[in-house]
Every structure is written in C-alpha cells, then in structure tokens.
Amino acid sequence: MQEINDVHVSEPGLVVVDVAAADDETAFAFHTALAARWATTSVERTTRDPGQPGVRLRCYLDLRQPSDASGPAPAPH
C-alpha cells in the first residue's frame, strides 16, 4: 500500500483505515458497514501482497461527518 499522505490525517476526526481480510467479499462488507455510519471514500478494488494471505483495502474516513441525516456519528473513544 502507498504511504499515508499528511493531508489524510491533517485534522482531528480524519482517519485512514487499512483492512486485511480473508477475501474481497469480507473486505467490501466491512467498508459498507463503515460507509453506513460515516463519510468514507469509495473503494473499487482490493490489493494482494505477494506471499501474504488474504486481501488488503484502504479507505479514508471522516468521523466528523455522519453519512446520513439521522443524527451525529458517535464520538470516537
């Protein structure tokens, strides 16, 4: 995976999420669960690291912005 760019974590509430999962379906299901709660970047594919099991996925998350109008996202602990 590429290095984390300073702008992606330049303010409180911005998060880089790296996911390791057994398969694409699991990685995308996790991303869908995140996206249901917070504003996230879209993801179109996973990556595989040679010699390593499973797949990897990276997305960027903004905890300050809930994804829907049903109320504020819970505060991070």
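The values are calculated or read from the model by the stated rules, or taken from the named source; none is laboratory data. This structure is a prediction, so every number in the text was calculated from the model and none was measured. Cβ sites come from the backbone with ideal geometry, for glycine too, and all protein chains shown count toward neighbours.
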Quiz item: Within the range 32-52, can you find the residues that are touching a residue at least 24 places away in the same chain (Cβ under 8 Å) and not in a loop (DSSP other than H, G, I, E, B)?
Solution: LEU34, ALA35, TRP38, ALA39, THR40, THR47
Exercise. Could you tell me whether the range 9-31 includes any residue that is surrounded by 10 or more Cβ atoms within 10 Å (Cβ to Cβ), under 14 Å from the mean Cα position of the chain (by Cα), at pLDDT below 90 and not in a strand (DSSP E or B)?
Key: yes
Exercise. Please go through the range 49-67 and pick out each residue that is more than 23 Å from LEU14 (Cα to Cα) and either crowded, with 17+ Cβ neighbours inside 10 Å or touching a His at 6+ places or on another chain (Cβ under 6 Å) (or both).
Key: VAL55
